[in-house]
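Undergrad: One structure is given below, represented as structure tokens, and several questions about it will come after.
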Amino acid sequence: MIGSQMIKILFFASLKEQLSIDALDFPLTESITVAQLVDELVLKEASIDRDILSAEDILVAVDQTVVSSDFLVRPGSEVAFFPPVTGG
Amino acid sequence: MIGSQMIKILFFASLKEQLSIDALDFPLTESITVAQLVDELVLKEASIDRDILSAEDILVAVDQTVVSSDFLVRPGSEVAFFPPVTGG
Amino acid sequence: MIKKVVVQIDDFDVNEETAFLVDISKEVGGINTFLGTVRDVNEGDTVTGLRLEHYPGMTEKQIHAIIDRASSRWSVLGAVVIHRVGDLQPGEKIVFVGIASKHRGDAFRACEYVMDSLKTEATFWKKEVTEGEARWLTTRQTDVEALNKWQVD
Amino acid sequence: MIKKVVVQIDDFDVNEETAFLVDISKEVGGINTFLGTVRDVNEGDTVTGLRLEHYPGMTEKQIHAIIDRASSRWSVLGAVVIHRVGDLQPGEKIVFVGIASKHRGDAFRACEYVMDSLKTEATFWKKEVTEGEARWLTTRQTDVEALNKWQVD
């Protein structure tokens, strides 16, 4: 668990390689939507490219559940971005 | 392989127990239908009971293929009588 | 397509049969297997044992034919069928069907088809011992229906 | 219903997992299993290796949820899912799904449902090495269609 004024952000698979980052801690003092979080990340993190993170097939999970872009991210959450899954 | 003027007759499972016989060699010099063979068996073999052998669900295989009662049994064949299967 | 068909009294080893299927070809991507075991209760009665009889020769021919039919409908790289006969106790293995295919859908379909066919076509007979009494089992209507679903219209 | 869900780098033993399923209860009458292995050819290219990544924590939660959904639709006595991650060679095992049920139809249905769901829902990603070049795989349309067949109208 990370501090309540921060969120943990994770990137997986091809997205992790394209952005050259696997995780970062990001300050968040009040709840914002996933779409707003993407805007914030693009603005404040040099490593985050909007075209890559907003690609049509990229999925977002908040606290390990896949959500849509209007989902509210609360401080203390774990947010993950990843491409479509290919296991099994 | 038995002699060409004989057929080998086999009984399996509940049928074998009801008739108290598992196999017999029976003389056959020319082809007859399965239905005719049943008549012959009832007539000539004391151990064969018509009601048991002709029960509705009893199956007949000639040379290891299930056949109907009008199938022609040739001398030298292997004829088997058995109840519905229950394996697997 | 590689086939292995065995009717035997002895137990068998699932690892060995699985390895056989994996090793058939590096094209193998999916293996579906079914293992049937002796349950301790059937139709409400406690089962203390099972005796399996078969028609040697015919049974093996039938199983080969069943596998061939499965292989003509789905893409099958390899198939294993092992069926035990003789006296079995609750919990013991009775039957193993394994199908190796490139893709999983074929393996699932072919394996279930072989199992459903075995149940209603192959010359095996089960006698169940329930608290001292032995009785020959009769064909289950659900098994007949299971096979009917594979009919091609 | 007994569940066993493992994501691991190491190989696993099919006998051990099968025995686990057989031993769950003497009510177990049928066990259907699926084993996925690394093929040496994919989309025409020779595959020399596979790297599997996953989202620790979320993956296990998803697999438990998938098994629970299967269990709500079919009669399931026990379920095992083992999925490997890390570097794998052609012929190596990737995934094992095993379902123990009283009757075989439930085991076949639940096992295939879990496999189809794993393929399109669980957070695993495959990177394939083909003659020196590594590429992330993309979702197969056939896998999406495979899952769609389970939709309840």
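The values are calculated or read from the model by the stated rules, or taken from the named source; none is laboratory data. This one's a predicted model, so the numbers in the text were calculated from it and none came from an experiment. Every residue, glycine among them, receives a Cβ derived from its backbone with ideal geometry; neighbour counts consider all protein chains shown.
Undergrad: Looking only at region B:34-42, decide whether some residue is closer than 23 Å to C:LYS119 by Cα, more than 10 Å from every other protein chain (Cβ to nearest Cβ), modelled with pLDDT of 95 or more and not in a loop (DSSP other than H, G, I, E, B). Step through it out loud before you land on a result.
TA: Pass one, region B:34-42, residues closer than 23 Å to C:LYS119 by Cα: none.
No.
Undergrad: Does region A:71-86 include one or more residues that are more than 14 Å from chain D (Cβ to nearest Cβ), touching a residue at least 24 places away in the same chain (Cβ under 8 Å) and on the phi > 0 side of the Ramachandran plot? Talk me through it step by step, then tell me what you get.
TA: Of region A:71-86, the ones more than 14 Å from chain D (Cβ to nearest Cβ) are A:71-76.
So of that shortlist, the ones also touching a residue at least 24 places away in the same chain (Cβ under 8 Å) come out as A:71-76.
If we keep only those that are on the phi > 0 side of the Ramachandran plot too, we end up with A:76.
Within region A:71-86, one or more residues are more than 14 Å from chain D (Cβ to nearest Cβ), touching a residue at least 24 places away in the same chain (Cβ under 8 Å) and on the phi > 0 side of the Ramachandran plot.
Undergrad: On to the next question. Given the structure, is B:SER14 among the polar types (S, T, N, Q) and either surrounded by 14 or more Cβ atoms within 10 Å (Cβ to Cβ) or in a helix (DSSP H, G or I) (or both)? Full working, then the answer.
TA: Values: among the polar types (S, T, N, Q): yes; either surrounded by 14 or more Cβ atoms within 10 Å (Cβ to Cβ) or in a helix (DSSP H, G or I) (or both): yes.
Against the criterion (among the polar types (S, T, N, Q) and either surrounded by 14 or more Cβ atoms within 10 Å (Cβ to Cβ) or in a helix (DSSP H, G or I) (or both)), B:SER14 qualifies.
Undergrad: Name every residue in region C:50-69 that is of a type outside the set (Lys, Arg) and crowded, with 16+ Cβ neighbours inside 10 Å, in order of residue number. It would help to see each step written out before you state the result.
TA: Looking only at region C:50-69, we keep the residues that are of a type outside the set (Lys, Arg), and these are C:50, C:52-60, C:62-68.
Residues satisfying the conditions are C:LEU50, C:LEU52, C:GLU53, C:HIS54, C:TYR55, C:MET58, C:THR59, C:GLU60, C:GLN62, C:ILE63, C:ILE66, C:ILE67.
Undergrad: Just give me the residues in region A:51-88 being in a helix (DSSP H, G or I), of a type outside the set (Asp, Glu) and farther than 21 Å from A:MET6 by Cα, in sequence order.
TA: The first filter runs over region A:51-88 and keeps only residues in a helix (DSSP H, G or I), leaving A:51-53.
Subsequent filtering for residues that are of a type outside the set (Asp, Glu) retains A:52-53.
The one that is in a helix (DSSP H, G or I), of a type outside the set (Asp, Glu) and farther than 21 Å from A:MET6 by Cα: A:ILE52.
Undergrad: When you scan region D:11-25, do you find a residue that is at the interface with chain C (Cβ under 8 Å from one of its Cβ atoms), crowded, with 23+ Cβ neighbours inside 10 Å and not hydrophobic (A, V, I, L, M, F, W, C), even just one?
TA: Yes.
Undergrad: In addition: Scan region C:103-111 and give yes if some residue there is at pLDDT below 95 and either in contact with a helix residue (DSSP H, G or I) (Cβ under 8 Å, 6 or more places away or on another chain) or surrounded by fewer than 23 Cβ atoms within 10 Å (Cβ to Cβ) (or both), otherwise no. Give the derivation first.
TA: Filtering region C:103-111 for residues at pLDDT below 95 gives C:103.
With the extra rule that they be either in contact with a helix residue (DSSP H, G or I) (Cβ under 8 Å, 6 or more places away or on another chain) or surrounded by fewer than 23 Cβ atoms within 10 Å (Cβ to Cβ) (or both), the set shrinks to C:103.
So far as region C:103-111 goes, yes, one or more of its residues are at pLDDT below 95 and either in contact with a helix residue (DSSP H, G or I) (Cβ under 8 Å, 6 or more places away or on another chain) or surrounded by fewer than 23 Cβ atoms within 10 Å (Cβ to Cβ) (or both).
Undergrad: Here are some conditions: (1) at pLDDT below 95; (2) of a type outside the set (Asp, Glu); (3) more than 30 Å from D:VAL95 (Cα to Cα). A:PHE26 meets all but one. Which one does it not meet?
TA: (1)
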